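What follows is one structure encoded as structure tokens, with my remarks underneath.
The values are calculated or read from the model by the stated rules, or taken from the named source; none is laboratory data. In this text the structure is predicted, and so the values were computed from the model without any measurement. No Cβ is skipped: glycine too gets one built from the backbone with ideal geometry, and neighbour counts run over all protein chains shown. Just the protein is used for accessible areas: all its heavy atoms, side chains included, with ligands, DNA and RNA removed. Shrake-Rupley method; radii C 1.70, N 1.55, O 1.52, S 1.80 Å.
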Amino acid sequence: MEKLRRVLSGQDDEEQGLTAQVLDASSLSFNTRLKWFAICFVCGILFSILGTGLLWLPGGIKLFAVFYTLGNLAALASTCFLMGPVKQLKKMFETTRLLATIIMLLCFIFTLCAALWWHKKGLAVLFCILQFLSMTWYSLSYIPYARDAVIKCCSSVLS
């Protein structure tokens with residue numbers, strides 16, 4: 001547990017500069033960080049489920065797109081409580097996650113545009129599916145060799 005605490009609080013990393021230490025500093029205790037992570041993550045899941053339920057209402061595509069996107073953003077933001085917002089942004093834009101991050105953020109924007117301004121239901125649903133896939137691919141980048149395993153699994157199924 002102590003190793004997890006050190007890694008999540010950033011104490012296990014290489015020596016940081018003073019500016020990085022100040023930007024990453026937080027006055028929240030480890031238990032508070034875990035609680036707010038869980039709260040934010042669960043809210044994200046509930047928003048996504050609520051959005052999916054609203055899809056079946058008349059004219060619910062707008063609410064679906066908004067709640068589904070807010071749910072994904074809340075789930076993504078929940079990790080800021082574990083490692084801090086600056087460290088989260090740095091990790092998001094590392095070379096291994098850069099493409100997944102850009103696609104994920106573009107899907108957030110395009111989902112809202114398709115539902116709220118372009119009024120294209122099919123396109124909004126397509127961007128929500130792409131949101132899910134890009135969030136999954138992004139999340140897999142944090143698990144060692146997970147992307148390779150998924151690629152091998154999919155290639156064996158397709159061949």
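Observations, loosely collected:
- For CYS128, the requirement of being farther than 27 Å from TRP36 by Cα, of a type in the set (A, V, I, L, M, F, W, C) and part of a helix (DSSP H, G or I) is not met.
- Pairs with Cβ under 7 Å, 6+ apart, first in segment 53-73 and on the phi < 0 side of the Ramachandran plot, second among the basic types (Lys, Arg): ILE61/LYS121
- The number of residues in segment 70-114 being polar (S, T, N, Q), open to solvent by less than 40 Å² (accessible area, probe 1.4 Å) and farther than 30 Å from SER27 by Cβ comes to 1.
- Which numbered condition GLY84 misses (of (1) at negative phi; (2) at pLDDT below 90): (1)
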